[in-house]
1. Can you tell me how many residues within the stretch 107-124 are in contact with a strand residue (DSSP E or B) (Cβ under 7 Å, 6 or more places away or on another chain) and surrounded by fewer than 20 Cβ atoms within 10 Å (Cβ to Cβ)?
2. Residues of the stretch 99-139 being hydroxyl-bearing (Ser, Thr, Tyr) and over 18 Å from the mean Cα position of the chain (by Cα), which ones?
3. Are there any pairs with C-beta distances below 8 angstrom linking a residue in the stretch 128-147 that is within 18 Å of GLU93 (Cβ to Cβ) and in contact (Cβ under 8 Å) with a residue 24 or more places away in the chain to a residue that is among the β-branched types (Val, Ile, Thr) and outside any strand (DSSP E or B), with the two at least 6 apart or on different chains, and if so which?
4. Check PHE202, PHE225 and return the single one that is within 23 Å of LYS101 (Cβ to Cβ) and part of a strand (DSSP E or B).
5. TYR203 is checked against (1) free of Cβ contacts under 8 Å to residues at least 24 places away in the same chain; (2) touching a His at 6+ places or on another chain (Cβ under 9 Å) and fails just one. What number does that condition carry?
6. Within the stretch 200-221, count every residue that is under 20 Å from the mean Cα position of the chain (by Cα), more than 25 Å from ARG149 (Cβ to Cβ) and crowded, with 20+ Cβ neighbours inside 10 Å.
Amino acid sequence: MSSNKVFLLLLIVIIGFSLSTVGAAENRRKEFLENPLNRVRQEGTVNNRASTDGRQAGSFDQLKDIYSGNINVFFGQKKLHRNDWFPVEKQKEYGVEFDFKEKRWPLSLLLTYFISEEDSSGVPFDNGKTQEIQVGVKKIFEFQHVRTRPFVSSGITYIRAEQSISSDSCNITKNEESSNTAGFFVGGGCYIILRNEINIGFYLNYSNARVLLFDERKKAGGLHFGMLTGFHF
């Protein structure tokens, strides 16, 4: 199983587990609110628990009033420079994005991870793969009574690029090289916050950096574009 498929499977498992956990917690909360006396035997216990729950709810609400952020997964494509990566310059890509801020901050802190890969179907056989870790800032534009959130982002990126090329017609003997580099990125997009604080939208990102593969300087960054979905908190 390829690394992209493993990564996608892990994302599906994490999202499914998160949704089931949130749903189960919400059901338990509703049951408790509807039948509070069924969970206790003494009035004093009810009062103590109500007091504790009130303090916990108050603390959680205070945190929501101070902090905000998003956790999103990305599904799309990365387009690399054709002269450097043909015939695997168009790669399937997945990623995870996390941003966080205090509400009084003008910008959010941003951390993003991308992984892309593509195989050629011809002879000789080529394989290209990149991984990126992007760290930067993100400006989210918020409007009153509107749940649409356009955003822009920028920062530095760390890229690991790998390329393998077969040296015979049977695709048995391969030359493989990998290299790491750093560069910069800029991005932008828009998402809508749906019910239960679920995000859905699109993302466009451009990264720029060069690596040394097979004694050639090649562009390891590229154009990332696709859909994102996740949670707002």
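1. Let us first name the residues in the stretch 107-124 that are in contact with a strand residue (DSSP E or B) (Cβ under 7 Å, 6 or more places away or on another chain), namely 107-120, 124.
Going one step further and asking which of them are surrounded by fewer than 20 Cβ atoms within 10 Å (Cβ to Cβ), we end up with 107, 109, 111, 113, 119-120, 124.
Total satisfying the criteria: 7.
2. Filtering the stretch 99-139 for residues hydroxyl-bearing (Ser, Thr, Tyr) gives 108, 112-113, 116, 120-121, 130.
Across the stretch 99-139, the qualifying residues are SER120, SER121.
3. Correct list of pairs: GLY128/VAL88.
4. Values: PHE225 fails: within 23 Å of LYS101 (Cβ to Cβ).
After ruling out the rest, the residue left standing is PHE202.
5. The number of the failed condition is (1).
6. Filtering the stretch 200-221 down to residues under 20 Å from the mean Cα position of the chain (by Cα) leaves 200-208, 220-221.
Applying the additional criterion that residues be more than 25 Å from ARG149 (Cβ to Cβ) yields 208, 220-221.
Then drop every residue that is not crowded, with 20+ Cβ neighbours inside 10 Å, which leaves 220-221.
Looking only at that region, the number is 2.
Okay, residues lined up against (1) at pLDDT 95 or above; (2) among the hydrophobic types (A, V, I, L, M, F, W, C); (3) in contact with a strand residue (DSSP E or B) (Cβ under 9 Å, 6 or more places away or on another chain); (4) surrounded by fewer than 15 Cβ atoms within 10 Å (Cβ to Cβ):
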site	(1), (2), (3), (4)
HIS145	no, no, no, yes
SER166	no, no, yes, no
SER169	no, no, no, yes
SER178	no, no, yes, yes
GLY187	yes, no, yes, no
ILE193	no, yes, yes, no
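The values are calculated or read from the model by the stated rules, or taken from the named source; none is laboratory data. The model shown is predicted, which means the values in this text are computed figures rather than measured ones. Neighbour counts run over all protein chains shown; Cβ positions are idealised from the backbone, glycine included.
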